[in-house]
Amino acid sequence: MKPFNLDKEPKIKSGFTTPDNYFNDFTEKLMQQLPEREVKVVPLYKRATVWVSSIAAILVVALGVSVFFKMDTQTVVQPDATTLENYLVYQTDITPSDFIQGLDESDIKELEASIAVSDEAIENYFSNENYDIYINE
């Protein structure tokens, strides 16, 4: 087979040419040849489907907003003091150190202010306390 190179071979001219400035005014000529269509204008207020769909959309948005705010404003009901006392009495695995770990400075100050301890109660506590445990350690 004979080697073929496009750059060295003579070029063949096509018999077709475009007229001068053909593409400059092509769109204008084409638009003039097309028949003009009359646009029918239908006002939105005369169509029932527009009204029905817009009312349905408004209702969906209003319902969604109301459900969102209802879920957001739920309050947590706190148990009363009697329920808490009964829970603490019947729970044997709760130790005093569990209570102490849950307190902060403001809770301790509030407890100190609310509990009135007399000197007599302090003396009874120390007289009944077994100090032998601490001495032998």
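Of the GluC sites (Glu not before Pro) in the stretch 16-61, which ones lie in a loop per DSSP and count no more than 16 other C-beta atoms within 10 Å? Present the calculation step by step, with values, prior to reporting the outcome.
On the way: sites: Glu28, Glu36, Glu38; in loops: Glu36, Glu38.
Passing both the DSSP loop test and the Cβ count: Glu36, Glu38.
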> Over what distance in Å are the Cα centres of the stretch 58-113 and the stretch 1-39 separated?
Replying inline: 82 Å
> Summing Lys, Arg as +1 and Asp, Glu as -1, what charge do residues with Cβ under 12 Å from the Cβ of Asn21 carry, Asn21 excluded?
Replying inline: -2
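If we count trypsin sites (Lys or Arg not before Pro) as exposed when they sit in a DSSP loop and have at most 13 other beta carbons within 10 Å, what is the longest stretch of the chain that avoids them all?
Details: sites that count: Lys8, Lys11, Lys13, Arg37, Lys40, Arg47.
The segment 48-137 is the longest one with no such site.
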>> With θ taken as phi - 60° and the coefficients 6.51, -1.76 and 1.60, list the Karplus ³J(HN,Hα) couplings across the stretch 78-87 in order, rounded to whole Hz; mark glycine and proline as x.
In response: 8, x, 7, 5, 5, 5, 5, 4, 4, 4
> Lys/Arg Cβ at +1, Asp/Glu Cβ at -1, dipole of the chain taken about the Cα centre: which of Ser97, Val52, Ser118 is farthest positive-ward?
Replying inline: Val52
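Taking only DSSP H segments of four or more residues, each worth -39500 (n - 2.57), what value at 222 nm results for the chain once the sum is divided by all its residues, to the nearest 500 deg cm²/dmol?
-16000 deg cm²/dmol
Computed from the coordinates by the stated procedures, all read-outs in this text should not be read as laboratory data. What you are looking at is a predicted structure, and each value in this text was computed from that prediction instead of being measured. Reconstructed Cβ throughout: ideal geometry from the backbone, glycine too, with neighbour counts over all protein chains shown.
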